[in-house]
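The values are calculated or read from the model by the stated rules, or taken from the named source; none is laboratory data. This is a predicted model, so every value here is computed, not measured. We place every Cβ from the backbone using ideal geometry, glycine too, and count neighbours over all the protein chains shown.
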Amino acid sequence: MSAFAKASVSARITEKLTQGLSPVSLKLIDESHHHAGHGHHHPEGETHFRVEVISEKFEGKNRIDRHRLINGLLAEELAGRVHALAISAWTPEEKSTL
């Protein structure tokens with residue numbers, strides 16, 4: 001098994017989003033502790049995440065297309081351990097106006 005395959009889910013998500021989106025800013029929050037006792041929760045966490053990402057790769061893409069892009073980059077994680085992923089995705093220009 002490769003070192004990447006053994007890395008934490010958080011580390012794999014961060015690496016894949018960094019490589020795929022070249023983000024200006026990337027914030028990954030593990031919210032698994034909020035779901036203790038609910039379905040798909042693991043005591044070790046890393047099942048429920050929130051991602052906030054700013055990238056020029058979102059230029060010209062609507063919200064659905066941005067989510068599809070992120071979901072595509074994280075297909076392996078979403079098919080495995082990750083049960084929920086909340087996404088906030090902006091272009092640098094959009095984020096500067098908020």
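Scanning the range 41-98 for residues that are among the polar types (S, T, N, Q) and out of contact with any Ser or Thr (no Cβ under 6 Å at 6 or more places or on another chain) returns 55, 62, 71, 88, 91, 96, 97. Search the range 19-39 for residues being surrounded by 14 or more Cβ atoms within 10 Å (Cβ to Cβ) and assigned to a helix (DSSP H, G or I), and hand back the single one that is modelled with the lowest pLDDT. Across the range 19-39, the extreme among qualifying residues is 35. Every condition in (1) modelled with pLDDT of 95 or more; (2) surrounded by 12 or more Cβ atoms within 10 Å (Cβ to Cβ) is met by residue 62 except one, and the failing one is (2). Checking every residue in the range 48-55 against the condition of being of a type in the set (Phe, Trp, Tyr) and more than 19 Å from residue 11 (Cβ to Cβ) gives zero matches.
Criterion first (out of contact with any helix residue (DSSP H, G or I) (no Cβ under 7 Å at 6 or more places or on another chain) and modelled with pLDDT of 95 or more) does residue 67 satisfy it?
In short, yes.
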